[in-house]
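Undergrad: Got a structure for you, questions after.
The values are calculated or read from the model by the stated rules, or taken from the named source; none is laboratory data. Given the structure is predicted, the values throughout are model-derived calculations rather than measurements. With ideal geometry, Cβ positions are generated from the backbone for all residues, glycine too; neighbour counts draw on all protein chains shown.
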Ligand code: FES
């Protein structure tokens, strides 16, 4: 299902924003006129990624340094602590921008 998350202008260029879509939280990341949507918790220990370092291509968790490509969720750098814990893939969502609005595709029927 497609959900209207917010306006593109609600997120600063180079910024991040956590939005609620039904019961689900989604982390939006903006670079210019492009936006990516990922799960808001790090797959390593489920700590928040909203405080991570976003460089326009990758998102680095501030807790143990795991780094993920936001394009497909691939982990490009493992955490320094207990690297075998958790998943090595960050969940991602499809995003469309239409008429200045960020539309996020989720699997759920909310
Ligand atoms: S919780 Fe993110 S790297 Fe450990």
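Undergrad: Checking the conditions here, which among 60, 89 is within 16 Å of the ligand (Cβ to nearest atom) and in contact (Cβ under 8 Å) with a residue 24 or more places away in the chain? Before you say what the answer is, go through the steps one by one.
TA: Working: 60 fails: in contact (Cβ under 8 Å) with a residue 24 or more places away in the chain.
Being within 16 Å of the ligand (Cβ to nearest atom) and in contact (Cβ under 8 Å) with a residue 24 or more places away in the chain holds for just one of 60, 89, which is 89.
Undergrad: Taking the options 18, 38, name whichever one is within 12 Å of the chain's Cα centre (by Cα) and buried (at least 19 other Cβ atoms within 10 Å of the Cβ). Don't jump to the end; show me each part of the working.
TA: Details: 18 fails: buried (at least 19 other Cβ atoms within 10 Å of the Cβ).
From the options 18, 38, the qualifying one is 38.
Undergrad: Restricting attention to segment 72-96, and to residues there that are part of a loop (DSSP other than H, G, I, E, B) and in contact with a strand residue (DSSP E or B) (Cβ under 7 Å, 6 or more places away or on another chain), which single residue is surrounded by the fewest Cβ atoms within 10 Å (Cβ to Cβ)?
TA: 72
Undergrad: Can I ask one more? Is there any pair with a first residue in segment 28-56 that is more than 19 Å from residue 106 (Cβ to Cβ) and part of a strand (DSSP E or B) and a second that is within 12 Å of the ligand (Cβ to nearest atom) and at pLDDT 95 or above whose Cβ atoms are under 7 Å apart and which are 6 or more apart or on different chains, and what are they?
TA: Matching pairs, first to second residue: 48/40; 48/41; 53/60; 53/62.
Undergrad: Please work out if residue 43 is crowded, with 16+ Cβ neighbours inside 10 Å and either modelled with pLDDT of 95 or more or within 16 Å of the ligand (Cβ to nearest atom) (or both).
TA: Numbers: crowded, with 16+ Cβ neighbours inside 10 Å: yes; either modelled with pLDDT of 95 or more or within 16 Å of the ligand (Cβ to nearest atom) (or both): yes.
Yes; evaluated as a whole, the condition is true for this residue.
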